[in-house]
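Report on one structure; see the data block that follows.
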Amino acid sequence: MKRCGGRVGSVFLTALLAAGIGASHPNALAGQDVLARAGNEGTIIGAVVGVTRTDGLWKPSSTSDPVLGGMVGGYVLAATPAPWFSILAEVTFLQRNSNVVGTNQGQPLQGGLRTDYLSVLIAPRFTREVGPVRIHLAGGPTIDQVIRARLDPTLSPVLREVESVFGASLALGVGVTLADRYRVDVEGRAFEGLGDAHSGDFLQMRNRTFGLVTRVGIPIPDSWRGS
């Protein structure tokens, strides 16, 4: 992988670590008691799994068929003094796959793209409680770092993967608390690539992904909390 891609990935992973530290030890990042109380009372850590459906947006235009993929990872939902506002920091392994059927300079352009990413999302999240149910909306920048890219032999001579891909994600979902401890969320998510995921001399492709995500978390353990 290119050094610049590695540096960008490191920055986002550092941001996630900082969010986790700030969530579990809010006094390390802010001296005000209200921030400490908010962080200790409401910060959640947990796991996320989901299914993705990605379509390739081609330039010049070509027909693309969406293909299913999966995602799995972890997250920190860092509390703030406002009970309706939190910061979601998420790292996932996910797949963005698609098939293309078209032409490139008069020649057939057909084949499949299967790409595995380490994806990092940092997103403000807004929550409203309606009885026992939470409704939330979250959105923010996403960066995908290529782990492995697999192109059909018909595509590999004319395309190459881009190591780091920026995009934007938007999620809308509902959640409940089970047994006064477990936070369970189900959300629909949309991702729009803001840069090329694959490119060649005469064509480019961006990813557009829709997903269904399940998130399960718990409040940070007492042993993690600052004094």
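Within the set of other residues whose C-beta is less than 13 Å from the C-beta of Glu187, count the net charge using Lys and Arg as +1 and Asp and Glu as -1.
Values: positive: Arg125, Arg134, Arg183, Arg189, Arg215; negative: Glu90, Asp185.
That sum, taken over residues with Cβ under 13 Å, equals +3.
Could you tell me the accessible area of Leu172 in Å² (1.4 Å probe, neighbours in place), rounded to the nearest ten?
Approximately 110 Å² of Leu172 is accessible to the 1.4 Å probe.
Please sort 114-123, 149-158, 175-184, 208-217 by packing, taking for each peptide the average over its residues of neighbouring beta carbons within 10 angstrom, highest first. Please list the in-between numbers first.
On the way: 114-123: 21.2, 149-158: 14.9, 175-184: 11.9, 208-217: 19.1.
Highest mean packing first, the order is 114-123, 208-217, 149-158, 175-184.
Which ³J(HN,Hα) values, rounded to whole Hz and listed in residue order, are derived for the stretch 142-153 from phi using the Karplus coefficients 6.51, -1.76 and 1.60 in 6.51 cos²θ - 1.76 cosθ + 1.60 with θ = phi - 60°, glycine and proline given as x?
10, 10, 10, 10, 5, 9, 8, 10, 10, 10, 4, x
Give me, ordered by chain and number, the residues 5 or more places off Ala197 or on other chains with an amide H under 5 Å from its own placed amide H.
Met205, Arg206, Asn207
Using a 1.4 Å probe on the protein chains only, how many percent of the accessible area of the stretch 82-152 belongs to carbon and sulfur? Please list the in-between numbers first.
Working: 1950 of 3210 Å².
Answer for the stretch 82-152 is 61 percent, counting heavy atoms of protein chains only.
Compute the accessible area per residue over the stretch 68-154, keeping the other protein chains in place, probe 1.4 Å, unit Å².
Accessible area per residue: 45 Å².
The values are calculated or read from the model by the stated rules, or taken from the named source; none is laboratory data. In this text, all values refer to a predicted model and were calculated from it rather than measured experimentally. Cβ: placed from backbone, ideal geometry, glycine included. Neighbour counts: every protein chain shown. Areas reflect the complete protein model, heavy atoms only, side chains present, ligands, DNA and RNA absent. Shrake-Rupley method; radii C 1.70, N 1.55, O 1.52, S 1.80 Å.
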